[in-house]
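Student: Starting off with a structure, shown below.
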Amino acid sequence: MNTFFRIWAVLWCCGLAACVYKPSGSPSPHPVTLSWAAEGDAAGTKPITYNVYAVQGAGPIPTEPSKACGAATVATGRPLNSEPIAATTYSTSVAQGLWTFAVEAVSSDGCRSALSSPVTVTVPIQGDASTNVRVDP
């Protein structure tokens, strides 16, 4: 086990992870709020949830051919959210710079859609105001 992991594990267990030293000059996270139009199944009866993906830079967000459910391609890697979300907004914090975001719908039976059209934005260096991003199909 490497030293950094051991230190992080000890701090995490002690509830002190938020107090980890951050060198001066490192970029502060900036709040970003994403929003999108609600999806629905053809009958409008099944709940739809969402996963939010992001990559730093101009993208693309990595995808692979779907192995099930008919979508041509699905995102690879981990979404920003830890579990699919029911809301049509998602707030997070990212470092300053260029970011690409996209959203996928997840049906109640676990089938994932292809990604929405990606949206690329520049997150400012400083400021308290959140960056609002609209993601469309």
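Student: Restricting to segment 99-118, give me the number of residues that are surrounded by 13 or more Cβ atoms within 10 Å (Cβ to Cβ) and of a type in the set (Asp, Glu). Show your work before the answer.
Tutor: At the first step, the residues of segment 99-118 found to be surrounded by 13 or more Cβ atoms within 10 Å (Cβ to Cβ) are 99-107, 111-116, 118.
With of a type in the set (Asp, Glu) added as a condition, the list becomes 104.
Selection size over segment 99-118: 1.
Student: Suppose we keep only residues that are open to solvent by 80 Å² or more (accessible area, probe 1.4 Å) and more than 21 Å from the chain's Cα centre (by Cα) within segment 19-42. Which one would you say is modelled with the highest pLDDT?
Tutor: Only one residue tops the list, namely Ala42.
Student: Within segment 70-98, can you find the residues that are open to solvent by less than 60 Å² (accessible area, probe 1.4 Å), of a type in the set (Gly, Ala, Ser) and over 16 Å from Ala38 (Cα atoms)?
Tutor: Those that are open to solvent by less than 60 Å² (accessible area, probe 1.4 Å), of a type in the set (Gly, Ala, Ser) and over 16 Å from Ala38 (Cα atoms): Ala71, Ala75, Ala95, Gly97.
Student: Just to confirm my filter: which strands (runs of 3 or more DSSP E) fall fully inside segment 40-124 and include at least 3 residues that are of a type outside the set (A, V, I, L, M, F, W, C)? Before you say what the answer is, go through the steps one by one.
Tutor: Details: elements: 49-56, 63-65, 73-75, 89-94, 97-106, 119-123.
Correct list: 49-56, 63-65, 89-94, 97-106.
The values are calculated or read from the model by the stated rules, or taken from the named source; none is laboratory data. Values in this document were obtained by computation on a predicted structure and should not be read as measured data. When we count neighbours, we look across all protein chains shown, and the Cβ atoms used for this are built from the backbone with ideal geometry, even at glycine. Ligands, DNA and RNA are stripped out before the accessible areas are found, and what is left, the full protein with its side chains, is counted by its heavy atoms. Shrake-Rupley method; radii C 1.70, N 1.55, O 1.52, S 1.80 Å.
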